[in-house]
1. Straight distance only, please: which lysines reach the Cα of K276 with their own Cα at less than 25 Å, same-chain residues fewer than 8 apart left out?
2. So how far, in whole Å, is the C-alpha centre of the stretch 163-226 from the one of the stretch 72-131?
3. Percent of Cα-Cα pairs more than 24 Å apart in the stretch 4-274, please.
4. Anyone know which of A68, A85, A265 comes out most mobile in the 10 Å Cα GNM of the chain?
5. Find the accessible area per residue for the stretch 1-98; the probe is 1.4 Å, ligands and nucleic acids are left out, and the unit is Å².
6. Take the chain, connect every pair of alpha-carbon atoms lying under 10 Å apart with a spring to form a Gaussian network, then pick out the residue of Q19, Q30, Q63 with the largest mean-square fluctuation.
7. Which value, in Å², gives the accessible area per residue of the stretch 188-250 when a 1.4 Å probe is used on the protein heavy atoms?
8. Within the chain, what's the longest stretch lacking trypsin sites (Lys or Arg not before Pro) that sit in DSSP loops with no more than 10 other Cβ atoms inside 10 Å?
Amino acid sequence: MLNIGCHLSTSKGYHHMGQEALSIDANTFQFFTRNPRGSKAKKIDPEDVAALISLMAEHQFAQLLAHAPYTLNPCSADPKVREFADLIMKDDMTIMEYLPNNYYTFHPGSHVGQGVSVGIDFIVELLNKILQPDQTTLVLLETMSGKGSEVGSNFEEINTILSRVDLSDKMGVCLDTCHIYSAGYDIINDLDRVLEQFDRIIGLNNLKAIHLNDSLTPYSSHKDRHARIGEGTLGLETIVGIINHPQLRDLPFYLETPNEIAGYAEEIKLLRSAYKE
Ligand code: FE
Ligand code: FE
Ligand code: ZN
């Protein structure tokens, strides 16, 4: 079965997201733990979360994917900005344990001219501070498009971070199809070779989730603009190849396409019908 969902709004609570997912034939979803700009998280209502957990068990949901606020910069040159990322992510780890055994993804950040290796040092330092041996949440590094001074737009950088984190069994990778195409991985013509590279450099065992997006911008453009499925430079054929690829087909897929709920419902319907059972 295809495990697929989309980004949903947390505003009406956790159980509501589960119901909304079911209403569009999704069996997982992505959500922000707090306002995407990184403000204070809403207090967790244990009953609301318990209702989501039982809904997920009843309907065989795949892992949920929480997304860190996209404004955090764990490798900023400003210690206050780094401290803020540290604080928010630490708090997010606590929130995530209310929903045990799910995933949390974040953007490695931008080194803002300090150089990749300084940026990576800061990211590793942060992860070594926030990861706890008894946590059940897997923290995923997202592959980036390489706009500006973004860290994590190639497999080598992702691997360097993973290999330097002490609790590496708490870590994994979330591959964003729009981002890696923009970063210069030709998943239209050479998906097998890209996956072979991923396996050689990072290890496919570390790949835990896919952000399934089409792209508005051309190959290797180092931009980050998502398109609806089949309406971008990747195209439907490539995306159908991705969800059916033997090395990817069992992973959970999360849509982050520019859509309202009805648009997501259509994309999920299309992708389920294109999935070879
Ligand atoms: Fe992201
Ligand atoms: Fe993404
Ligand atoms: Zn993006």
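1. K208
2. 19
3. 47
4. Residue with maximal mean-square fluctuation among A68, A85, A265: A265.
5. For the stretch 1-98, the per-residue accessible area is 48 Å².
6. For the chain, modelled as a Gaussian network with Cα springs under 10 Å, the answer is Q19.
7. Accessible surface, normalised per residue, equals 49 Å².
8. 44-275
The values are calculated or read from the model by the stated rules, or taken from the named source; none is laboratory data. Note that the structure is a prediction, hence the values are computed from the model and not measured. With ideal geometry, Cβ positions are generated from the backbone for all residues, glycine too; neighbour counts draw on all protein chains shown. Accessible surface is based on the protein model in full, side chains and every heavy atom, while ligands, DNA and RNA are left aside. Shrake-Rupley method; radii C 1.70, N 1.55, O 1.52, S 1.80 Å.
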